[in-house]
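Read through the structure below, which is laid out as structure tokens, and then see the notes.
What follows draws every value from the coordinates through simple rules; no lab data is involved. Since the structure is predicted, the reported quantities are computational estimates derived from the model, not experimental observations. Reconstructed Cβ throughout: ideal geometry from the backbone, glycine too, with neighbour counts over all protein chains shown.
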Amino acid sequence: MSQWPDGHLYAATVSFDFDAEEVWIGENPANANAPGVLSQGAYGPKVGVPLILDILEDAGIAASFYVCGKDALRHPESVRSIIEAGHEVAHHGHSHTSPTSLGPGEERAELEDGLRALRDLGADVVGYRSPSWEFTDDTLDLLTEHCLEYSSNLLDNIVPYLHSTHDLIEVPISWILDDAPHFWFANDTWEKTIRSTREVLDVWLPEIDGIARYGGHAMVTMHPMITGRPSRLAMLEEVIEHLKRTNAWIATTREVADYARANGPLELRRTARS
């Protein structure tokens, strides 16, 4: 018997880390004066997001977008378009800076400034994904203090669970289902090659099928500046079609966290595929 709504075999979330220019500045502040570098990030809100929203609308699914506060301030209309289309907007830092490189006061300011930027645009923010997928000793305390309901940062499971020390649902992620390890081009060193969409599908689809067989949750993580390129948009459509064809409950991270809170603990159950 399925543990997911309406008899779905497994759950899946289509999520996007809306990093835009801030990912380049957070990693290297000198890039603030490098328009060529920043244009890679600008492609996301300028071109990627509108095309992705069209695909999501055609597919009839809602996605989760994790947005840096400073990127929201640069591209308010793009963030508003995501909200108006019915998708979740959640916290991804204010600048794209790892909490582990910040002092306690700086980490608090990052959280509060990012929340303010997103909520001022009308986002109902209840979730947090760290820019580095990493915590400090203070992070979970700060999230609960600011009434956030879930985290999507850890890689230690394929089902959501309640943190043992905090009233937060963790909705795990993984590098294998993230587009950046496969597509990110390191143009500073030219040592990172660009993979084909077929290679990535050959990694993603078996992983999704494996998660399905254990009744887990597949967190597909993408970036508009990466997956928003034309050939990869076709790949996104193929992934969504695969999720539907294999009986996934496709839901936002917020919906998955709410379901886990109300119906957990969830567990892994090896099932035969039809």
### Message
Give me, ordered by chain and number, the residues 5 or more places off Trp249 or on other chains with an amide H under 5 Å from its own placed amide H.
### Response
Leu9, Tyr10, Ala11, Ala12
### Summary
the chain: relative contact order from alpha carbon pairs under 8 Å, six or more residues apart, as a whole percent, is 27
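To make sure I understand, if each residue's beta carbon is the centre and we count other beta carbons within 10 Å, what order do Lys70, Lys46 fall in, fewest to most? Please list the in-between numbers first.
Working: Lys70 21, Lys46 16.
Going from least to most buried by this count: Lys46, Lys70.
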### Task
Would you please calculate the Kirkwood hydrodynamic radius of region 8-263 over all C-alpha pairs and express it in Å, rounded to one decimal?
18.3
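Per-residue ellipticity at 222 nm for the chain, helices alone: DSSP H runs ≥ 4 residues times -39500 (n - 2.57), over residue total, nearest 500 deg cm²/dmol? Don't jump to the answer; show the numbers that get you there.
Numbers: 12 runs with 117 residues, N = 274.
Helices in the chain give a 222 nm mean residue ellipticity of -12500 deg cm²/dmol.
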### Task
Report the local net charge at Leu205: Lys and Arg +1, Asp and Glu -1, summed over other residues whose C-beta lies under 11 Å from its C-beta.
-3
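Based on other C-beta atoms within 10 Å, arrange Thr144, Thr246, Thr227 from fewest to most. Kindly include the intermediate steps, with their values, before the conclusion.
Values: Thr144 16, Thr246 20, Thr227 26.
Least crowded to most crowded, the residues run Thr144, Thr246, Thr227.
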